[in-house]
Amino acid sequence: RVGTGLRLGPRPVAPCSPSPRSSAGMLPVVAGLLLAVAVGGRGSAAEQESPPGSRFVCTSLPLDAGCPLPPVPMQGGALPPEEELKATVLQLRETVLQQKETIGSQREAIRELTGKLSRCESADGKAAAGTWRKELGKGKDTMGDLPRDPAQVIDQLSRTMQSLKDRLESLEHQLRANVSYAALPNDLREMLQRRLGDLERQLLSKVAELEDEKSMLHNETSAHRQKTETALNALLERVSELEKGNSAFKSPDEFKVSLPLRTNYLYGKIKKTLPELYAFTVCLWLRSSASPGIGTPFSYAVPGQANEIVLIEWGNNPIELLINDKVAQLPLFISDGKWHHICITWTTRDGMWEAFQDGEKLGTGENLAPWHPIKPGGVLILGQEQDTVGGRFDATQAFVGEMSQFNIWDRVLKAEDITNIANCSTNMPGNIIPWVDNNVDVFGGATKWPVETCEERLLDL
């Protein structure tokens, strides 16, 4: 049998197997080689098991040839890129571990086959080796590339397996280092495109909102312009009416009461009456040049007391304030024919009083009807002094001139408030008696006219 040589066996050995444990492809090669050697040995187990006339030939592989790695299944877009990367690395690590196990198994097989080869050579090593060289020298398709020395074969197989291990580790490192460049760009590109699309849609939506706001603002501006034009037209109409001397008072305080003669029948009457008061402030603008004395700008009478509150300048006497028939002389000087703003405050507590002219306090005093409350339900007359409630006027005590802005509060105003009213920097209608057109009636030839502006009255001081 040794002389007959080697020929192809009925079952060629595949260099690689898809099985995970033989992916390196080295165990079948070594097994084929040793089986071929074992055929040439006398008394070997291969000789007894193989049918007569059958011979085996092993095909060599290049040293740098490796079996392809099983494809790593990549998951679809169900996971984020980071999760897919982790799954890939885990699979590669599992593959490396499998390859390590395969290498260990192959080393054990190599050692076992090496022992069998040694036993074969000890029987008839020289004849088998000569026959092998003879067959290789004829140029047949045998393992002519394989080294003749079994030790070299084992060494080359070890180096091949080590090279495979290094290549697997290099592949794992490369996948770790370059996965962001090799595996993720497409996913990142799709993700960026989606985000850019979302941003573009948001931008278009914001632009549409701004366009709507611009349209609404334009409409509001048009409406505001129309309102402004309407207000300006109303002001122009009011100016025209004032220029024509129209006595229809659009504003509740834009009028004055004129009492040009000293008679006992020209007067004005306040429709509202006073409640019970424990303090008050009376303010008014007046202009008079009557002599002697300007007369009585106002008087308040109640049943049983005609002089409940009276402001009077009679004859050559100074201006006097009467409360419940008690008298206090006020340091006011207003008979120069100019507009003057006067205010008088009073409180029942110790009968304290104050007198202001043109925003400046000129005098103060006490014991003017102390602890006497002002009685309610009386009659308030402009321009006449009452001897009975609402009548029996004396022409010598009548006011001659003009007055406006007659207001009464139920408290003592602060000095700064009175100054602001006199300086035209604030408008404070009286909370008890405000100066409004429908609250003032005129009798006996007294008239109501449009009044000069507050600033014009200041210029007249």
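The values are calculated or read from the model by the stated rules, or taken from the named source; none is laboratory data. Predicted model only: the values in this text are computed from it and were never measured. For neighbour counting, all protein chains shown are included, and Cβ atoms are generated from backbone atoms with ideal geometry for every residue, glycine included. The accessibility values were calculated without ligands, DNA or RNA, using every heavy atom of the protein model including side chains. Shrake-Rupley method; radii C 1.70, N 1.55, O 1.52, S 1.80 Å.
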Quiz prompt | Kirkwood Rh in Å, taken over all unlike Cα pairs in the stretch 188-246 | solution = 15.6
Quiz item: Reported to two decimal places, what Rg/Rh ratio describes the stretch 328-459 when computed on Cα atoms with Rh from the Kirkwood expression?
Solution: 0.94
Self-check item: Gained length - THR426 relative to ASP336, 0.36 nm times residue gap less alpha-carbon distance
Solution: 29.8 nm
Self-check item: Probe 1.4 Å - accessible area at MET191, Å² to nearest ten
Solution: 50
Practice problem: Order GLU452, GLU308, GLU108, most accessible first, counting only protein heavy atoms with a 1.4 angstrom probe. | Solution: GLU108, GLU452, GLU308
Self-check item: Relative contact order (%) - criterion: Cα under 8 Å, at least six apart; region: the stretch 365-461
Solution: 19
Quiz item: How big, in percent, is the set of alpha carbon pairs in the stretch 190-329 lying more than 25 Å apart?
Solution: 62
Quiz item: If the chain between THR230 and MET191 were fully stretched, how many nm would it gain, using 0.36 nm times the residue separation less the Cα-Cα distance?
Solution: 8.2 nm
Quiz item: Can you give the accessible area of LEU90, probe radius 1.4 Å, in Å² rounded to 10?
Solution: 110
Practice problem: Give, as a single signed number, the net charge of other residues whose beta carbon lies under 15 Å from the beta carbon of ILE294, with Lys and Arg counted +1 and Asp and Glu -1. | Solution: -3
Quiz item: Which distance in nm do the two modelled labels at VAL239 and ASP166 give, with both placed 7 Å along the Cα-to-Cβ direction?
Solution: 10.2
Quiz item: Taking a 1.4 Å probe, which of ARG195, ARG189, ARG238 shows the most accessible area, and what order do the others take after it?
Solution: ARG195, ARG189, ARG238
Self-check item: Cα-based equivalent ellipsoid of the stretch 266-362: semi-axis lengths in Å, sorted from largest, via gyration tensor
Solution: 21, 16, 13
Self-check item: Heavy atoms of SER289 accessible to a 1.4 Å probe, total area in Å² rounded to 10
Solution: 90
Quiz item: Given labels modelled 7 Å from the Cα in the Cβ direction, how far is it in nm from ARG201 to THR447?
Solution: 7.9
Quiz prompt | Heavy-atom accessible area ranking, 1.4 Å probe, most first, across ARG287, ARG167 | solution = ARG167, ARG287
Practice problem: Beyond 29 Å between alpha-carbons counts as too far, so tell me which of LYS272/LYS414; LYS227/LYS271; LYS271/LYS414; LYS206/LYS227 fall in that bin. | Solution: LYS227/LYS271; LYS206/LYS227
Practice problem: Would you grab the residues whose amide H sits under 5 Å from the one on VAL451? Only those 5+ places off in sequence or on another chain, please, with H modelled 1.01 Å from N. | Solution: PHE255, LYS256
Quiz prompt | Efficiency of FRET from Cβ geometry, GLU108 and HIS173, R₀ 30 Å, rounded to 0.05 | solution = 0.60
Practice problem: Just grab the label-to-label distance for GLU276 and ASP460, each label 7 Å out from Cα along the Cβ direction, in nm (one decimal). | Solution: 4.0
